[in-house]
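What follows is one structure encoded as structure tokens, with my remarks underneath.
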Amino acid sequence: MNEAASFSSPRLSRKIQALQGSAETTFTRMVRLAGQTPNLISLGRGDPDVATPPHIVAAAVQALQTHHVNYTPPPGLPALREAIAEKLARENGLHYAPLSEVLVTCGAQEAISVIMQSLLDPGDEVLLPDPFYTAYEMAVGLAHGKVVPVPTYAEQNFEVLPAEIEARITPRSRLLVLVSPSNPTGGVISLPVQEAIARIALRHNLLVLSDELYEKVIFEGALAPSIARLPGMRERTLVVNGFSKTYCMTGFRVGYLAGPAPLVAALQEPHHILTICAPVASQQAALAALRGDQGCVDEIIGIFARRRQALLTSLRQAGIPFPHPAGAFFAFADVRAAGISAAAFAEAVLQQAGVLVFPGTQYGRCGEGFLRISYLAEIPEIERAVERIGGLYRQWVQQRQ
Ligand SMILES: Cc1ncc(COP(=O)(O)O)c(C=O)c1O
């Protein structure tokens, strides 16, 4: 073999090869097909198309113009960590020491990876309610851990059942992941269920990663309080949150985690090695987001609420059922009656209707028979797209009768 040939086909590590065999390929395939689809309507995104509030953008611009261009302390600007600790106390009833219990990361995504890298030994088990946000599966795999999916069901709006968690606990169980509101289902975990989960975590000495990224993207009076507030839970919970969704700041790449000091101290070095620090201008923007008027959040959530309403109304008109999505950007449409796989349905929707939605199976086995449909598009597009999906859905349902 000549040098050029061996260079063009490097051997990948076994863990990366294993990851390539997982749900990510569905995503890659759908995105590739979408790229070839003329006049595509995308109801696939999880990345708000709404503008970042101007005072937040201005803070980033000002940071750059005044030569704030260097690394910050790896755990984040002290002022930002203070603002985060104040936010957690004010809004979530959680009390953390800003300089030892808050770590600023490059998005919640980095926080997830840092936690998995820091807590898992090979073979350690992570209980993950299924359907799940795919990055969790990847992050656990990269840390040589093992995902233990905890099935959830449309009939319970995909809220995790405490008994299903407890039934899967083994001596290797290390961490339980809770994402509420959930990507991809929009489900939330109610207080009584949280209390039951907390009892299980205490009984089995489990750590909990509580992903609260969609805490503000919640509707019709639903509540998603942090499990860390419950007695005995602060010591064993890592709260993960960020700015991407609430303030439409996905590209800024700022998030954070908060937890008990010894755990947060242990996470600092892996964070340092991975990224050194979150971008300084983005940290200044995040500070402006927290310190500024929160009226912009009401406006953003108002836009989301109108689009969500349009999506849910369109689905009802199209005759497509869906479990109630109390939060996040999605409806998890129930197309089981069509009698074909979610992947085949999503591909047909793309090729025959020119609409991108993701099959529920991209997010775990419990997503079979469901489509994740995002409302992050203009309302007329949402209406047009769902009408087309509805046409295909009815065709398949009728063919089966
Ligand atoms: C549940 C969940 N957690 C974490 C992330 C990562 O968000 P970010 O890194 O932009 O903060 C996402 C992004 O979509 C998500 O849906």
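Taken together, the values in this text are just the output of simple stated rules run on the coordinates, not laboratory data. These figures come from a predicted structure and were not determined experimentally. Note that each Cβ is placed from the backbone with ideal geometry, even for glycine, and that neighbours are counted across all protein chains shown.
In this rough spin-label picture, where each label sits 7 Å from Cα along the Cβ direction, the residue 202-residue 15 distance is 3.4 nm. Amide hydrogen proximity for residue 153: with H placed 1.01 Å from N in the peptide plane, the residues at 5 or more positions away or on another chain lying under 5 Å are 158, 159.
Taking N as the number of residues in the chain, what value does Rg over Cα atoms divided by 2.2 N^0.38 Å take?
On the way: Rg = 21.3 Å, N = 401, 2.2 N^0.38 = 21.5 Å.
Taking N as the residue count of the chain, the ratio is 0.99.
Between residue 121 and residue 387, the contour length at 0.36 nm per residue exceeds the alpha carbon distance by 90.9 nm.
Applied to the range 58-74, the Karplus parametrisation 6.51 cos²θ - 1.76 cosθ + 1.60 on θ = phi - 60° returns per-residue 3J(HN,Hα) values of 4, 5, 5, 4, 4, 4, 5, 5, 9, 6, 8, 10, 9, 4, 9, x, x Hz, with x for Gly and Pro.
What the Cβ-Cβ distance of residue 220 and residue 170 gives, at R0 = 35 Å and to the nearest 0.05, is a FRET efficiency of 0.35.
Placing unit charges on each Cβ (+1 for Lys and Arg, -1 for Asp and Glu) gives the range 55-291 a dipole about its Cα centre, and among 141, 196, 111 the Cα reaching farthest toward its positive end belongs to 111. Contact order, relative form, for the chain: 24 percent (alpha carbon pairs under 8 Å, 6 or more residues apart, mean separation divided by residue count). Remark: relative contact order (the range 55-291) = 31 percent; criterion is Cα-Cα distance under 8 angstrom and separation of 6 or more residues.
Any chance you could run the full-extension gain for residue 90 through residue 397? It's 0.36 nm times the residue separation minus the Cα-Cα distance, nm to one decimal. Let's see the in-between values first.
Numbers: separation 307, 0.36 × 307 = 110.52 nm, distance 4.97 nm.
Contour length minus the Cα-Cα distance gives 105.5 nm.
Between residue 40 and residue 156, what is the FRET efficiency for a Förster distance of 30 Å, r being their Cβ-Cβ separation, to the nearest 0.05? Working from the Cβ atoms, E equals 0.35.
Expressed to the nearest 5 percent, the antiparallel share of DSSP beta bridges inside the chain is 45 percent.
Note on residue 291 and residue 163: their simple-model spin labels are 5.2 nm apart, each label 7 Å out from Cα toward Cβ. Assuming charge only on the beta carbon of Lys and Arg (+1) and of Asp and Glu (-1), the dipole of the range 295-356 about its Cα centre is about 140 debye to the nearest 20.
Taken along the Cα-to-beta-carbon direction at a fixed 7 Å, the label points for residue 49 and residue 62 span 3.1 nm. Could you work out [θ]222 nm for the chain from helices alone, using -39500 (n - 2.57) per DSSP H run of at least four and dividing by all its residues? Round to the nearest 500 deg cm²/dmol. Taking each H run of at least 4 residues, the total per residue is -14000 deg cm²/dmol.
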